[in-house]
1. Which ³J(HN,Hα) values in Hz, rounded to whole numbers, follow from the phi angles of the range 170-187 under the Karplus curve 6.51 cos²θ - 1.76 cosθ + 1.60, where θ = phi - 60° and Gly and Pro get x?
2. So what is the relative contact order for the range 44-145, in percent, with contacts set as C-alpha pairs under 8 Å and at least six apart?
3. Give me the distance between the Cα centres of the range 18-41 and the range 112-177, rounded to whole Å.
4. List the residues, sorted by chain then number, that are 5 or more residues from residue 184 or on another chain and whose placed amide H is less than 5 Å from its amide H.
5. Counting only the backbone N, which residues of the range 175-211 are under 13 Å from the spot 7 Å out from the Cα of residue 54 toward its beta-carbon?
6. How about the range 108-157: which chymotrypsin sites (Phe, Trp or Tyr not before Pro) there are in a DSSP loop, with at most 15 other Cβ atoms within 10 Å of their Cβ?
7. Find the relative contact order for the chain and round it to a whole percent, using C-alpha pairs within less than 8 Å whose residues are 6+ positions apart.
8. Taking the Cα centre of the range 1-93 as origin, work out the dipole magnitude from +1 charges on Lys and Arg Cβ and -1 charges on Asp and Glu Cβ, in debye rounded to 20.
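What follows is calculated from the coordinates using simple rules that are stated; it is not laboratory data. Computed from a predicted structure; not experimentally measured. Backbone-built Cβ (ideal geometry, glycine too); neighbour counts: all protein chains shown.
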Amino acid sequence: MACHIETNTFNRVTVIRTRINGASGSMFLSIPASTSGSFEDTSNTDSLGVGDYLAYGISSVLSGSGQIDVDWIGAHFLASDTSKCMIGGSANAPTLLLSGTYYSSLFGAGNLATGDVPRATGLMPYTCTASNYTNYLTIANNPAAATFTLLKNGVASALSITSSPGVSGHITASSDTVVFAANDTCANSVVRSAGIQIDWANAGLLLQASP
């Protein structure tokens, strides 16, 4: 687990910790007061099962003054099946979907943005099969819905799904797969298809390397 602190004027120690299914995990980072830079926990690990929820919690035991700006938090995942890995991207806060097509990266943190395909595009490092394409909606007031499409080399792929009206949570395209070659690109595209109040938070994808 690692993070990068851009600026830090907070005059107390800040703790960043894994949260698994709503409980504290084993990995944590202790950020000294008024200290910025990169931090990494190389001693602790956490085990996750299929369907577990993973998050990161940021807290301080003591109240203080100042501000801490966290650029990113991440962890290295080792799958039980070493041919598989998980990629994904998360916004720093849920994004209200308005008109137009939004794009987000599946290679780390990043907010949704309309019309900014290059910023959202990542490069596949090896030949693989993509599946379990998932987007997460925090709010979807009925009849709000959205359509999610995985872009391969800038073109819509077979991995696409539309949420049901008024349904939030994890929206997963579980029946289709897409094969990527090394140096193909991928990006996440999101379009509000109905309603008004609908908020997007993150997206993920399962990759299985070809033999």
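1. These are the phi-based 3J(HN,Hα) values: 7, 10, 10, 8, 9, 9, 10, 9, 9, 8, 10, 9, 4, 6, 5, 10, 9, 7 Hz.
2. 16 percent
3. 29 Å
4. Those lying under 5 Å, H to H, from residue 184 are 124.
5. 204-207
6. Those that pass, being in a loop and sparsely packed, are 126.
7. Values: 561 pairs, mean separation 46.7, N = 211.
That works out to 22 percent.
8. 200 debye
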